[in-house]
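Student: Sharing a structure, written as structure tokens. Questions coming.
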Amino acid sequence: MDLMSILGFILGILAVVGGAYLEHLPPTAIYAPTAFIIVMGGAGGAILVSYPPADLKRAFTEGMKLVFKTLDTDYRPLIEEIVKVATVARKEGVLAIEGMRNSIVDPKLKKALKYVIDGFEPKTVVEILDTDSFHEFEETEICGKLLEGFGGYTPTVGIIGAVLGLIHVMRNLSNPDAIGPGIAVAFVATVYGVGFANLWFMPMGTKVKRKAQILQMRNELIKVGIQGIQEGLNPHFLKEKLEVFLEHKYRSHEGEAH
Amino acid sequence: MDLMSILGFILGILAVVGGAYLEHLPPTAIYAPTAFIIVMGGAGGAILVSYPPADLKRAFTEGMKLVFKTLDTDYRPLIEEIVKVATVARKEGVLAIEGMRNSIVDPKLKKALKYVIDGFEPKTVVEILDTDSFHEFEETEICGKLLEGFGGYTPTVGIIGAVLGLIHVMRNLSNPDAIGPGIAVAFVATVYGVGFANLWFMPMGTKVKRKAQILQMRNELIKVGIQGIQEGLNPHFLKEKLEVFLEHKYRSHEGEAH
Amino acid sequence: MDLMSILGFILGILAVVGGAYLEHLPPTAIYAPTAFIIVMGGAGGAILVSYPPADLKRAFTEGMKLVFKTLDTDYRPLIEEIVKVATVARKEGVLAIEGMRNSIVDPKLKKALKYVIDGFEPKTVVEILDTDSFHEFEETEICGKLLEGFGGYTPTVGIIGAVLGLIHVMRNLSNPDAIGPGIAVAFVATVYGVGFANLWFMPMGTKVKRKAQILQMRNELIKVGIQGIQEGLNPHFLKEKLEVFLEHKYRSHEGEAH
Amino acid sequence: MDLMSILGFILGILAVVGGAYLEHLPPTAIYAPTAFIIVMGGAGGAILVSYPPADLKRAFTEGMKLVFKTLDTDYRPLIEEIVKVATVARKEGVLAIEGMRNSIVDPKLKKALKYVIDGFEPKTVVEILDTDSFHEFEETEICGKLLEGFGGYTPTVGIIGAVLGLIHVMRNLSNPDAIGPGIAVAFVATVYGVGFANLWFMPMGTKVKRKAQILQMRNELIKVGIQGIQEGLNPHFLKEKLEVFLEHKYRSHEGEAH
Amino acid sequence: MDLMSILGFILGILAVVGGAYLEHLPPTAIYAPTAFIIVMGGAGGAILVSYPPADLKRAFTEGMKLVFKTLDTDYRPLIEEIVKVATVARKEGVLAIEGMRNSIVDPKLKKALKYVIDGFEPKTVVEILDTDSFHEFEETEICGKLLEGFGGYTPTVGIIGAVLGLIHVMRNLSNPDAIGPGIAVAFVATVYGVGFANLWFMPMGTKVKRKAQILQMRNELIKVGIQGIQEGLNPHFLKEKLEVFLEHKYRSHEGEAH
């Protein structure tokens, strides 16, 4: 669970609502269902037109889930699994992997090893893993772009809402008592538009895009591992090659060289 | 039919017009033919200057059609066709494809197979398919950029319309009763400019660009298939190679590896 | 003659001036020589500082010309010429091209064939054509960026003009009758700045950049043709290879494969 | 210590606070804890949602440290070390490096040499160093993007704060004495939002991104050196190859060729 | 001397100051030392934080110099020198170049020839020239980005200055006579911020970036020349290969092929 995402949501809302409270604004002052309808309906309509149905569905299911999912970047157990397989493959040949494949924990590694066991050429395996990783990256990144896109529409639609409110005020200048409250209501649409974008949708999109990058790097690690296994690379060398994918604190000889 | 595009249009308009209604604005308040003429005429003039006639025509015919066209991303039948051809080609040689070519459903695959049957070298076929796909992508993407470009001009021209309205108001400050309604009319140009851009043109452009990407990926799938056929790749291997182009729910061994 | 560029200019001006007229603004209301001087002088000064003299000259001569020049994208006659040369070269050797070179219509093809006849190696010819095309593209694109850059400066300088006008108004608030007209004049600088940018300079820059792309694709076509001639590629194959550079409506077998 | 970072912070604050003082604003005029809470709380919440915890931690520890850390770009001692190793390796073989490895000052060079001594193939060493450098660059650059991202949220959240303040004013127009001070307080949120972004977070992000580039170039230098050592390149040639990584003032034959 | 840079500066200032004069603003109206201090101090502080000291120094010395330096793009004498060397090298061997090296006018060519004479392999020479050119380009481009960055900060800091001025006005609404002049002074900060950015810093940055491109192309020409010399390319072929780096008006056979 990526607690920061939840904490960030709460902190953002608290800051704005709490700030409004500290400025002596009653909660009703920023409660404006019409503004909410305009901003969410307008931006929602825009995003429905912007992306194909499959992307919409993916962004609001898998994309949203990814916002709150922790990605474990301690790849040491994965590297260990790869090195173990490489050791067996080097000693007993690639076919010997078959016996140990069922005990592989990582599902992506397990699937990639299937290609090796089935006798796919190294070049073909690399092509498959590259294409697969590229599509996974692209599909995940689109989810991020879609959420950012939503966050790009809410402020502009918020401006439409605000201007509609101001038009209402301008048409009724003869009633001076209604001017202030009228402008106040108009401004709420701006708060909604800018707020939803900057506290929720843009940040969620950014996080999904960043996590797409992290997942891609993990796929790259597996690919380098599979390549090493198929080339029969010395497992010790392979381990060093895979450890540069680790953050520094997880690397084994980090301190030694200094 | 990409129903989301239609639903999105309706939702966006409903949100804005309904919002105006809920704010007690009569429909006439946002009816301003002059503002419409300035925004659409100005942005229309700008886009005519921005792109060559062929691009303009393509964007408002094929581009617009693509906004509302569903792209089927279930490539399983296409992959099956390719694998069937690969099986025949491997067993009976490339020339044996000729007999089955007429029964090929996918027109792009059919055309690509013609190069194979005519005896084009693999390298040449790949170059032709790559160039063709690149141009198709570029031409489709230009349609998307053009629609987004239109959506980039309407808000700025809307500002010109609003400022012209404000100039009118400022020159007649001596008539206080005309100030409010004058400003109200001026603001409508902003609503039109921002509204057309954010509810229609920008989202349509984004969708066309996204669909250009999807079409390009489909072309890539066919290219990889044709390469496999010409190289005489094991059909089983080829199938695995093509399946990574599928969304996960369509893949055959997806569950198995886990 | 790219009539759309002229039509677009006229449409844009008509929409804005006609819109002003429909809003009952007399033409004198948007006639402000001072605002014109500030906007064009300021943006002109900025662009002189932004690009070297050679780019400035090119943008306002060749660049402007390109805005109004029709680029014929029906490359069928060019492809026919290339295939004709390829047929002769394959049958009678590369030297036989010399005799037909004078009758070549396309000047770029003619020049490229000179390298072939002079005995340049294929690799060298490709390098020369690539470098030449790259520089032509870059020089043309710079023209487009410069025009867009001009369109980037006019609105910001227009804001300077408007603020100067508002400063004048603010310093003379004691004379209420001058406020409205003063603000009106100040706003004209905004109209000029946003108008010149969005109706003229940005669109012209976009068109030049797009035409740079089209010219580059044409150079690419010639390069692929010359490569085919030097490699002695089967003219039938070469024709297919070149036809993917054509828009679909111009291709010969387009209907057949379906 | 990168003194410019500290000097820049002080200069920026001095200019704004001193400017306020010169405009006869008492310090209390720009002291508004509520505005501070809204801006920092809102932007802080947004950034927590935007990046995974590991990035957040890295940006506010290593990233911030890098803002104030001087990167020595006089690589002459490093080049000398590499050339010394290359000389030994060429004369006495790669194994002879082992004896001198402990005296190597640069920890990255020391670690890279370990791969050479352990008998890794040149291709593998290059892959390891490239991957390592790529990840280091990406991790550092993310820190810069995160800080810039923070600076992207503070002005927009500042606008929310300002609009909330204006709503408060608009709801109380009946009390004219409160209008001015109310608007004044609302504006402080804008000053905080724009100020934190432009004087602190954006500049810090830019510096981290620039330093990521400089660190990457240094890694590149080491890689070219290690390659030269493994290929047994003439140390004199290697030195020339490494000196182009130096700024001109540090190069040895700079003056000679002129 | 790039006179356009000076002319542009003068034209920009004349347009704005002259425009102010034509709008009957006395020069004192836009003279506001406090606004100047805020804008230049704030943006100066921001830029000190944004880039390492070495970049700052380079941008305000070499970068500024480049703004006013004419780059001669008539490379015909340089090409002639290269072809002369290539002719000697082809006839009498690479060592024969040594005798003529002292008479080489172009310092970069002279230095590159030193590598050839010293017996560096062609591959190594290309790597050295590429790396050298890449760093020169990057260092020059950073100067341009830094100047543009400065131009990115002045308007935003100008807004801070303006808002501070408006806060002052809002706190003293009880003194109506001070409102107008107070707002006027506040607006001057906007004029300074937008003016410095758009008339000076952004254009200077753009010019430096463009000149970085031109210098890189010149380095590329020398590299292609050196490659030709080392490969013993026919000097006639080499000349054609180098002439595509020339603007069309300088090419020798330009008219002939038409």
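Student: So, C:VAL194, is that one in contact with a Pro (Cβ under 7 Å, 6 or more places away or on another chain) and within 30 Å of B:LEU48 (Cα to Cα) or not?
Tutor: Yes: the conditions hold for C:VAL194.
Student: Would you mind telling me which numbered condition in (1) open to solvent by 40 Å² or more (accessible area, probe 1.4 Å); (2) assigned to a helix (DSSP H, G or I); (3) without any contact (Cβ under 8 Å) to a residue 60 or more places away in the chain E:ILE128 fails?
Tutor: Result: E:ILE128 passes all but (1).
Student: Filter segment A:66-122 for residues that are within 14 Å of chain B (Cβ to nearest Cβ), assigned to a helix (DSSP H, G or I) and of a type in the set (Ser, Thr, Tyr) and give the result.
Tutor: A:TYR115
Student: Which members of segment A:50-65 meet the condition of being away from chain B (no Cβ under 14 Å) and among the hydrophobic types (A, V, I, L, M, F, W, C)?
Tutor: Hit for segment A:50-65 is A:MET64, nothing else.
Student: Could you list, ordered by first residue, the pairs with Cβ atoms under 8 Å in which the first is in segment B:223-238 and over 19 Å from B:GLU121 (Cβ atoms) and away from every other protein chain (no Cβ under 12 Å) and the second is open to solvent by 10 Å² or more (accessible area, probe 1.4 Å) and among the charged types (D, E, K, R), at least 6 apart or interchain?
Tutor: From residues that are over 19 Å from B:GLU121 (Cβ atoms) and away from every other protein chain (no Cβ under 12 Å), the pairs are B:PRO235/B:ARG90.
Student: If a residue must be open to solvent by 10 Å² or more (accessible area, probe 1.4 Å) and more than 8 Å from chain A (Cβ to nearest Cβ), how many such residues does segment B:199-212 contain?
Tutor: Counting residues in segment B:199-212 that are open to solvent by 10 Å² or more (accessible area, probe 1.4 Å) and more than 8 Å from chain A (Cβ to nearest Cβ) gives 2.
Student: Here's something else I'd like to know. Among the residues of segment C:29-54, count how many are aromatic (Phe, Trp, Tyr), closer than 25 Å to C:VAL185 by Cα and in a loop (DSSP other than H, G, I, E, B). Before the answer, list the steps.
Tutor: If we filter segment C:29-54 for residues that are aromatic (Phe, Trp, Tyr), which is where we start, we get C:31, C:36, C:51.
Pick out the ones that are also closer than 25 Å to C:VAL185 by Cα and you get C:31, C:36.
Add one more test, that the residue is in a loop (DSSP other than H, G, I, E, B), and what stays is C:31.
The qualifying residues number 1.
Student: Within segment A:14-28, how many residues are open to solvent by less than 10 Å² (accessible area, probe 1.4 Å) and either in a helix (DSSP H, G or I) or more than 7 Å from every other protein chain (Cβ to nearest Cβ) (or both)? Before the answer, list the steps.
Tutor: As a first pass, look at segment A:14-28 and keep what is open to solvent by less than 10 Å² (accessible area, probe 1.4 Å): A:15, A:19-20, A:25.
With the extra rule that they be either in a helix (DSSP H, G or I) or more than 7 Å from every other protein chain (Cβ to nearest Cβ) (or both), the set shrinks to A:15, A:19-20.
Summing the residues that are open to solvent by less than 10 Å² (accessible area, probe 1.4 Å) and either in a helix (DSSP H, G or I) or more than 7 Å from every other protein chain (Cβ to nearest Cβ) (or both) in segment A:14-28 gives 3.
Student: Could you tell me whether D:PHE137 is in a helix (DSSP H, G or I), more than 7 Å from every other protein chain (Cβ to nearest Cβ) and open to solvent by 20 Å² or more (accessible area, probe 1.4 Å)? Give the steps one after another, and end with the answer.
Tutor: Details: in a helix (DSSP H, G or I): yes; more than 7 Å from every other protein chain (Cβ to nearest Cβ): yes; open to solvent by 20 Å² or more (accessible area, probe 1.4 Å): yes.
The answer is yes for D:PHE137.
Student: Out of the residues in segment E:213-222 meeting the condition of being of a type outside the set (D, E, K, R) and more than 10 Å from chain C (Cβ to nearest Cβ), tell me which one is nearest to the chain's Cα centre (by Cα). First the steps, then the outcome.
Tutor: Let us first name the residues in segment E:213-222 that are of a type outside the set (D, E, K, R), namely E:213-217, E:219, E:221-222.
Filter again for more than 10 Å from chain C (Cβ to nearest Cβ), leaving E:215-216, E:219, E:222.
Working: E:LEU215: 10, E:GLN216: 12, E:ASN219: 16, E:ILE222: 20 Å.
Filtering segment E:213-222 for residues that are of a type outside the set (D, E, K, R) and more than 10 Å from chain C (Cβ to nearest Cβ), the one nearest to the chain's Cα centre (by Cα) comes out as E:LEU215.
Student: Oh, and also: Scan segment D:4-13 residue by residue and report those that are in contact (Cβ under 8 Å) with a residue 12 or more places away in the chain and open to solvent by 30 Å² or more (accessible area, probe 1.4 Å). Write out each step before concluding.
Tutor: As a first pass, look at segment D:4-13 and keep what is in contact (Cβ under 8 Å) with a residue 12 or more places away in the chain: D:5-6, D:8-9, D:12-13.
Once the filter is applied, which keeps residues that are in contact (Cβ under 8 Å) with a residue 12 or more places away in the chain and open to solvent by 30 Å² or more (accessible area, probe 1.4 Å), segment D:4-13 yields D:ILE6, D:PHE9, D:ILE13.
Student: Name every residue in segment B:29-68 that is of a type in the set (A, V, I, L, M, F, W, C), open to solvent by 10 Å² or more (accessible area, probe 1.4 Å) and touching an Asp or Glu at 6+ places or on another chain (Cβ under 8 Å), in order of residue number.
Tutor: B:ALA54, B:PHE68
Student: Confirm whether A:GLY165 is surrounded by 21 or more Cβ atoms within 10 Å (Cβ to Cβ), closer than 30 Å to B:GLY182 by Cβ and touching a residue at least 24 places away in the same chain (Cβ under 8 Å). Break it down stepwise before answering.
Tutor: Details: surrounded by 21 or more Cβ atoms within 10 Å (Cβ to Cβ): yes; closer than 30 Å to B:GLY182 by Cβ: yes; touching a residue at least 24 places away in the same chain (Cβ under 8 Å): yes.
So A:GLY165 passes the test.
Student: Starting from segment C:95-116, keep only residues that are within 17 Å of C:GLU231 (Cα to Cα), then list their pairs with residues that are surrounded by 14 or more Cβ atoms within 10 Å (Cβ to Cβ) and of a type in the set (Lys, Arg) whose Cβ atoms are within a distance under 7 Å, requiring at least 6 positions of separation or different chains.
Tutor: C:LEU113/C:ARG101
Student: Let me ask something else about it. Applying the selection to segment E:184-198, what residues are among the hydrophobic types (A, V, I, L, M, F, W, C) and either crowded, with 24+ Cβ neighbours inside 10 Å or within 10 Å of chain C (Cβ to nearest Cβ) (or both)? I'd like the intermediate steps shown before the answer.
Tutor: Start the filter on segment E:184-198 by keeping residues that are among the hydrophobic types (A, V, I, L, M, F, W, C), which leaves E:184-189, E:191, E:194, E:196-197.
Those that are among the hydrophobic types (A, V, I, L, M, F, W, C) and either crowded, with 24+ Cβ neighbours inside 10 Å or within 10 Å of chain C (Cβ to nearest Cβ) (or both): E:ALA184, E:VAL185, E:ALA186, E:PHE187, E:VAL188, E:ALA189, E:VAL191, E:VAL194, E:ALA197.
The values are calculated or read from the model by the stated rules, or taken from the named source; none is laboratory data. All figures in this text were calculated on a predicted structure; none of them were measured in a lab. We place every Cβ from the backbone using ideal geometry, glycine too, and count neighbours over all the protein chains shown. Note: accessible area is taken over every heavy atom of the protein model, side chains too, but ligands, DNA and RNA are not part of it. Shrake-Rupley method; radii C 1.70, N 1.55, O 1.52, S 1.80 Å.
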